[in-house]
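S.K.: One structure coming up, written as structure tokens, with questions to follow.
The values are calculated or read from the model by the stated rules, or taken from the named source; none is laboratory data. Computed from a predicted structure; not experimentally measured. All Cβ positions, glycine included, derive from the backbone under ideal geometry; neighbour counts span all protein chains shown. Each accessible area value is taken on the protein alone, full model and side chains, heavy atoms only, with ligands, DNA and RNA left out. Shrake-Rupley method; radii C 1.70, N 1.55, O 1.52, S 1.80 Å.
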Amino acid sequence: MTIYENDNLRIRPVTERDLPRLWELSAKEEAPEWKKWDAPYYEHTAMSFEKYAANKDNLVHRDDFWAIEVNGELIGTVSYYWEHKPSYWLEMGIVIYHPDYWSGGYGTRALALWINKLFGSLPASECFFCRSCSRP
């Protein structure tokens with residue numbers, strides 16, 4: 001399994017054993033605290049664990065959706081998607097679900113690891129200005 005680390009923080013692909021904790025953090029409650037700070041244009045509804053786990057193919061072992069851990073505790077996720085792949089328009093995001101980890105620099109560190117991972121593995125790492133140079 002690929003893991004990117006920075007001291008006690010790491011990002012890694014989501015595994016099936018993460019699903020109960022991810023559900024608890026992200027989908028168990030109708031109005032979780034983290035959602036107050038998340039994109040308001042994305043509707044949030046609570047769901048049962050069974051319904052959440054039924055969507056595991058969209059969550060587990062994905063290259064575009066990874067877990068954030070601090071000292072082995074899952075606290076959030078990082079993700080990306082192509083808004084427009086031909087022009088290398090990539091959108092990425094981060095959610096730190098657990099309020100105890102807000103304002104502690106964990107999101108900054110996780111996002112730096114995610115950027116390094118993305119620019120090291122996706123075609124977006126090509127030169128954005130000329131598309132013809134061989135610069136990494």
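S.K.: Working out 0.36 nm times the residue gap between residue 17 and residue 41, then minus their Cα-Cα distance, what length gain in nm do you get to one decimal?
M.R.: On the way: separation 24, 0.36 × 24 = 8.64 nm, distance 2.96 nm.
So the extension gain works out to 5.7 nm.
S.K.: Let's test the formula: R0 of 25 Å, r as the Cβ-Cβ distance of residue 2 and residue 58. What FRET efficiency results, to the nearest 0.05?
M.R.: Details: r = 19 Å, r/R0 = 0.77.
Once the sixth-power term is evaluated, E becomes 0.85.
S.K.: To continue, here is another question. If you roll a 1.4 angstrom probe over the protein chains with everything in place, what fraction of the accessible area of the chain belongs to carbon and sulfur, to the nearest %? Write down the numbers at each step before the final one.
M.R.: Numbers: 4290 of 8370 Å².
C and S fraction of accessible area: 51 percent.
S.K.: Taking N as the number of residues in the chain, what is its Cα Rg relative to 2.2 N^0.38 Å?
M.R.: Ratio of Rg to 2.2 N^0.38 Å for the chain: 1.12.
S.K.: So what's the net charge close to residue 109: Lys and Arg +1, Asp and Glu -1, counting the other residues with Cβ under 11 Å from its Cβ?
M.R.: Values: positive: 10; negative: 5, 7.
Taking every Cβ under 11 Å from that of residue 109, the sum is -1.
S.K.: Per residue of the chain, what 222 nm ellipticity follows from adding -39500 (n - 2.57) for every DSSP H run with n ≥ 4, rounded to the nearest 500? Could the numbers behind the result be given before it?
M.R.: Working: 3 runs with 29 residues, N = 136.
Calculated mean residue ellipticity at 222 nm is -6000 deg cm²/dmol.
S.K.: Per residue, what accessible area does the chain have, given a 1.4 Å probe and all protein chains present, in Å²? Could the numbers behind the result be given before it?
M.R.: On the way: 8370 Å² over 136 residues.
On a per-residue basis, the chain sits at 62 Å².
S.K.: At 7 Å along the Cα-to-beta-carbon direction for both residue 122 and residue 82, put a label point, then send me their distance in nm to one decimal.
M.R.: With each label placed 7 Å out from Cα toward Cβ, I get 1.0 nm.
S.K.: Also, I was wondering about something else. Could you compute the net charge surrounding residue 66? Neighbours are other residues with a C-beta less than 12 Å from the C-beta of residue 66; K and R count +1, D and E count -1.
M.R.: That works out to 0.
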